[in-house]
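The values are calculated or read from the model by the stated rules, or taken from the named source; none is laboratory data. The structure presented is a predicted model; accordingly, all values stated were derived computationally and were not measured. Here the Cβ is made from the backbone with ideal geometry for all residues, glycine too, and neighbour counts use every protein chain on show. Please note that ligands, DNA and RNA were not included when accessible areas were found on the heavy atoms of the full protein model with its side chains. Shrake-Rupley method; radii C 1.70, N 1.55, O 1.52, S 1.80 Å.
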Amino acid sequence: MNRAQKNSDNFSSLYHQLKEESASITEAGWPHKQLIACDQHGVYRWFLPPKWGGNNFPEAKITQGYIDLSSACLTTAFVLTQRQGAVKRILSSKNEYLKQKYLPKLASSEMFATVGISHLTTSRRHLKQQVLLAENTKGGYILNGMSPWVTGAVKADLIVMGAELNDGRQILFTLKPSTPGVHCNEPAKLVSLSESLTGAVELSDVFVPDTDILAGPVVDVLQQGAGGNTGGLQTSTLALGLSDAAISYLEDEAVIRTEISPPTQKLRQQWQSLHDQLLALTQAANSEKSSLLRSQVNSLTLRATHSAIAVAKGAGFIQGHPTGLWCQQALFFLVWSCPKNVLHTNICELAALPTDF
């Protein structure tokens with residue numbers, strides 16, 4: 001029994017179900033069955049206070065839950081983070097009308113929500129022109145442009161999206177995909193996690209009324225309230241979960257292949273150290289330490305997954321084997337909400353250069 005199973009007795013049946021059915025997601029094309037199972041095991045209630053039908057789990061417990069879920073099935077865990085991103089933005093808003101309208105439904109699988117805000121942080125910020133432009137008009141805003149990375153947009157009942165005005169201020173708003181002028185493009189074919197159905201959403205002269213504004217207009221709207229930034233510790237959390245899956249595989253193999261025991265033990269020691277640091281950071285936010293941790297977790301995830309496929313040998317290189325899938329998924333953490341300092345550190349390590357060259 002591996003670490004995730006031992007530490008997750010309260011939802012061990014969900015862990016086992018997700019782990020056993022992770023391969024079926026590729027055939028299904030979307031983790032519908034897995035998301036329903038998460039609802040049945042109360043996962044959606046982790047994030048909400050009792051007022052809205054939730055259990056209001058502490059952050060450390062949620063973090064541990066995400067680690068275990070992503071160890072079992074990264075696709076499901078990733079989709080959950082995007083759903084929870086929408087929930088958190090609504091919860092931290094001062095718009096009581098939207099809270100009452102959506103939060104009770106988001107305590108269960110009655111509604112699927114997602115986010116389209118990456119263009120306000122790391123995605124396409126190098127472009128001079130706004131990716132998604134908001135123009136103030138009577139009673140609301142007119143939106144034109146696109147949100148390039150929206151997970152599950154074609155399945156969503158609601159999208160929490162961000163846009164920028166010409167003066168640099170930004171807004172967050174809720175948007176139904178059925179709104180006139182909204183078009184959810186065909187999801188991108190990704191190196192991994194294609195089953196998350198992540199793709200662009202285009203907006204053409206879409207009217208968003210003031211009643212649907214969650215925050216803004218202000219500079220750096222994502223810094224407002226308790227919503228926090230995208231990526232960050234959450235990204236490290238899911239990467240640790242993936243690392244755990246790979247290291248657990250190595251630990252199982254080391255029972256009969258004792259020669260791989262020393263490096264496997266070393267990987268687990270590194271994993272445990274980063275795990276403890278992550279839980280500590282959930283209690284005391286520190287952006288510098290969070291970036292350093294993210295770089296270290298990325299490194300471990302690449303090394304652990306590649307070690308797993310090396311041990312699996314040729315079998316791991318056959319499509320459908322979990323070790324090959326883990327290697328593909330590890331690449332995701334090099335691009336998902338990856339700020340420049342983390343990218344710099346990871347590239348330097350790959351080039352065997354010091355980070356301050």
Flag if Ser261 is of a type in the set (Ser, Thr, Tyr) and either out of contact with any helix residue (DSSP H, G or I) (no Cβ under 7 Å at 6 or more places or on another chain) or without any contact (Cβ under 8 Å) to a residue 24 or more places away in the chain (or both): yes
Output for the stretch 64-117, where each listed residue is assigned to a loop (DSSP other than H, G, I, E, B) and over 30 Å from Thr301 (Cα atoms): Ser92, Ser93, Lys94, Asn95, Ala107, Ser108, Ser109, Glu110, Met111
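Okay, residues lined up against (1) of a type in the set (Ser, Thr, Tyr); (2) open to solvent by 10 Å² or more (accessible area, probe 1.4 Å):
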{"position": "Asp167", "(1), (2)": "no, yes"}
{"position": "Pro180", "(1), (2)": "no, yes"}
{"position": "Cys184", "(1), (2)": "no, yes"}
{"position": "Pro187", "(1), (2)": "no, yes"}
{"position": "Leu193", "(1), (2)": "no, no"}
{"position": "Ser196", "(1), (2)": "yes, no"}
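Yes/no per residue for (1) in contact with a Lys or Arg (Cβ under 9 Å, 6 or more places away or on another chain); (2) under 28 Å from Gln328 (Cβ atoms); (3) without any contact (Cβ under 8 Å) to a residue 60 or more places away in the chain:
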{"residue": "Phe112", "(1), (2), (3)": "yes, yes, no"}
{"residue": "Lys138", "(1), (2), (3)": "no, no, yes"}
{"residue": "Asp157", "(1), (2), (3)": "yes, no, yes"}
{"residue": "Ala163", "(1), (2), (3)": "no, no, yes"}
{"residue": "Ile171", "(1), (2), (3)": "no, no, yes"}
{"residue": "Glu195", "(1), (2), (3)": "no, yes, no"}
Scan the stretch 232-250 for residues that are more than 21 Å from Lys289 (Cα to Cα) and open to solvent by 10 Å² or more (accessible area, probe 1.4 Å) and jot them down. Tyr249
With respect to the numbered conditions (1) touching a residue at least 60 places away in the same chain (Cβ under 8 Å); (2) closer than 13 Å to Arg89 by Cα, which one is the sole condition not fulfilled by Ala245? (2)
I want to confirm something. Restricting to the stretch 318-327 and keeping residues that are farther than 10 Å from Tyr249 by Cβ and assigned to a helix (DSSP H, G or I), which single residue is most open to solvent (accessible area, probe 1.4 Å)? Leu325
Residues in the stretch 304-317: is at least one free of Cβ contacts under 8 Å to residues at least 12 places away in the same chain, open to solvent by 70 Å² or more (accessible area, probe 1.4 Å) and not in a helix (DSSP H, G or I)? no
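Conditions tested, residue by residue: (1) over 25 Å from Pro322 (Cα atoms); (2) out of contact with any Leu (no Cβ under 6 Å at 6 or more places or on another chain); (3) buried (at least 20 other Cβ atoms within 10 Å of the Cβ).
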{"position": "Pro31", "(1), (2), (3)": "no, yes, yes"}
{"position": "Asp39", "(1), (2), (3)": "yes, yes, no"}
{"position": "Pro49", "(1), (2), (3)": "yes, yes, no"}
{"position": "Trp52", "(1), (2), (3)": "yes, no, yes"}
{"position": "Asn56", "(1), (2), (3)": "yes, yes, no"}
{"position": "Lys61", "(1), (2), (3)": "yes, yes, no"}
{"position": "Ile67", "(1), (2), (3)": "no, no, yes"}
Please specify each residue of the stretch 328-339 satisfying the condition of being part of a helix (DSSP H, G or I) and closer than 20 Å to Leu293 by Cα. Gln329, Ala330, Leu331, Phe332
